[in-house]
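Chemist: Mind looking over this structure? Questions follow.
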Amino acid sequence: MSKRTWALLAATLVSIIYGVTFTIAKDIMPAFIEPFGFILLRVGGSVGLFWLISFWGPKEKIAKEDFPRIIAAAFFGVALNMLLFFKGLSYTSPIMGAVLMVTTPMIVLILSAFMMKERMKKLKILGIILGLVGTISLILYGKSVINAPNEMLGNLLVFINAISYGFYLIIVKKLMDKYNAFTFVKWIYTFGFLMVLPFGWSEFDAINWAVIPTDIYLKIGFVVVFSTFLTYLLNLISMRELKPTTVAVFIYLQPVFATIFAISLGKDSLSWIKVGSAVLIFIGVYLVTQKKK
C-alpha cells in the first residue's frame, strides 16, 4: 500500500477510537473522576509512554527556534483542547459532543485559507457540507439527548475545543515537515502536562481509588493508551502525508462510530435516518480525501 493509503487508514482508526471514547469517558466522569483530574491522569500517563518509546525512536535534536511552536501546539492540542473537551463532555451528551467536533474541518479550512494560503477547492467544500448535513441529521433525528446536566455550556466548551484543535492541526504541520513524530510529540505532551497540572491536581488528589471498580480501571487504561497515546501517534503519521483539512474531515466519522458502538452494546437502534446520515458522511470524507491529479 502507498504511504497515502496508510495515512488514510491511520486517520480512520483514530476516528473509530475517538467514537468509542465518547461513551467510555462518560462512564468514568464525573461519577468516579472529575474532568480535570481525569485530564491530568490522561496526559501524565501519555507523557510516560511517549518518553519511554522515544528511547527506541530516531535521535534528532530540536532547534531552539522551534520550541515556541511546540509550546503553542501543547497549549492548543493538549491543554486547552482536552480541558475544554472533557469539561464540556461532562455537561453534554456523548453523541452531541461527537457531533460538535465536526465543526473542526470547517474551522481548519478557514484557518488554512488565511494562515497557509490554501485554496478552497469546490470538491472539498462540497464534501465538508455533505458531511456536516449528515452529522446534523444524525444528532437531530438519530438519538435523543440524554445525561446532559448543562447542555448549552457543555456544547459551547466542546465547540471552543474544536477551534483549539483546528489551530493545533495547522501549527503541528510544520513540525511534521521538519522532524520525525517521535522527536517532538514527547515535548508537546511534557509542556501540555505542565499546563494542565495546576487545573487538574486538586481533582486528581480527590480520587477515591478504593471505590473504583475493575471495569472503570480498564476504561481509564483505554483512554490513556488508545484514546491519547495511540491516536496522537496515528494523527501525526496521517499528517505527514495529508493536509490538515483532510485529517480534520475524518472527525465526521466519529459520530458514526459512536452510534455503531452504542448499537453494539444494545444502547441504541438502527434507523433509515442513521443509515442515510452515515452515507452522507462517508461521501463527504471521500470527496475531501481525493487527491488532485
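Chemist: Consider Gly166 carefully, then state whether it is open to solvent by less than 10 Å² (accessible area, probe 1.4 Å), under 30 Å from Ile128 (Cα atoms) and not basic (Lys, Arg). Steps first, please.
Modeler: Values: open to solvent by less than 10 Å² (accessible area, probe 1.4 Å): yes; under 30 Å from Ile128 (Cα atoms): yes; not basic (Lys, Arg): yes.
Considered against the rule, which asks whether it is open to solvent by less than 10 Å² (accessible area, probe 1.4 Å), under 30 Å from Ile128 (Cα atoms) and not basic (Lys, Arg), Gly166 comes out as yes.
Chemist: Name the residues in segment 195-224 that are among the hydrophobic types (A, V, I, L, M, F, W, C) and free of Cβ contacts under 8 Å to residues at least 40 places away in the same chain, would you?
Modeler: Here is the first cut: in segment 195-224, the ones among the hydrophobic types (A, V, I, L, M, F, W, C) are 195-197, 199, 201, 204, 206-207, 209-212, 216, 218, 220, 222-224.
Once the filter is applied, which keeps residues that are among the hydrophobic types (A, V, I, L, M, F, W, C) and free of Cβ contacts under 8 Å to residues at least 40 places away in the same chain, segment 195-224 yields Trp209, Ala210, Leu218.
Chemist: Regarding Phe199, is this residue open to solvent by 80 Å² or more (accessible area, probe 1.4 Å), under 19 Å from Ala73 (Cα atoms) and among the aromatic types (Phe, Trp, Tyr)?
Modeler: On the way: open to solvent by 80 Å² or more (accessible area, probe 1.4 Å): yes; under 19 Å from Ala73 (Cα atoms): yes; among the aromatic types (Phe, Trp, Tyr): yes.
In short, yes.
Conditions tested, residue by residue: (1) under 16 Å from Tyr189 (Cβ atoms); (2) assigned to a loop (DSSP other than H, G, I, E, B).
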position	(1), (2)
Met1	no, yes
Phe22	no, no
Ala25	no, no
Phe32	no, yes
Phe76	yes, no
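Chemist: Identify all residues within segment 136-173 that are at pLDDT below 70 and of a type outside the set (A, V, I, L, M, F, W, C); write none if there are none.
Modeler: Selection gives Tyr141, Gly142, Lys143, Ser144, Asn147, Pro149, Glu151.
Chemist: To continue, here is another question. Do we have Leu236 as at pLDDT below 80 and over 30 Å from Tyr189 (Cβ atoms) here? It would help to see each step written out before you state the result.
Modeler: Numbers: at pLDDT below 80: yes; over 30 Å from Tyr189 (Cβ atoms): no.
It is false that Leu236 is at pLDDT below 80 and over 30 Å from Tyr189 (Cβ atoms).
Chemist: Going by the conditions given, is Leu253 more than 17 Å from the chain's Cα centre (by Cα), part of a helix (DSSP H, G or I) and more than 17 Å from Met176 (Cα to Cα)? Don't jump to the end; show me each part of the working.
Modeler: Numbers: more than 17 Å from the chain's Cα centre (by Cα): no; part of a helix (DSSP H, G or I): yes; more than 17 Å from Met176 (Cα to Cα): yes.
Answer is no for this residue.
Chemist: Right, another one. Within segment 171-196, which residues are open to solvent by 30 Å² or more (accessible area, probe 1.4 Å) and touching a Ser or Thr at 6+ places or on another chain (Cβ under 7 Å)?
Modeler: Phe182, Lys186
Chemist: May I pose another question? Mind checking which residues of segment 53-76 are surrounded by 10 or more Cβ atoms within 10 Å (Cβ to Cβ) and modelled with pLDDT under 90?
Modeler: Ile53, Ser54, Gly57, Pro58, Glu60
The values are calculated or read from the model by the stated rules, or taken from the named source; none is laboratory data. The shown structure was predicted, so the numbers you read here are calculated from the model rather than taken from an experiment. Every residue, glycine among them, receives a Cβ derived from its backbone with ideal geometry; neighbour counts consider all protein chains shown. Side chains are part of the model used for accessible areas, which takes the heavy atoms of the whole protein and leaves out ligands, DNA and RNA. Shrake-Rupley method; radii C 1.70, N 1.55, O 1.52, S 1.80 Å.
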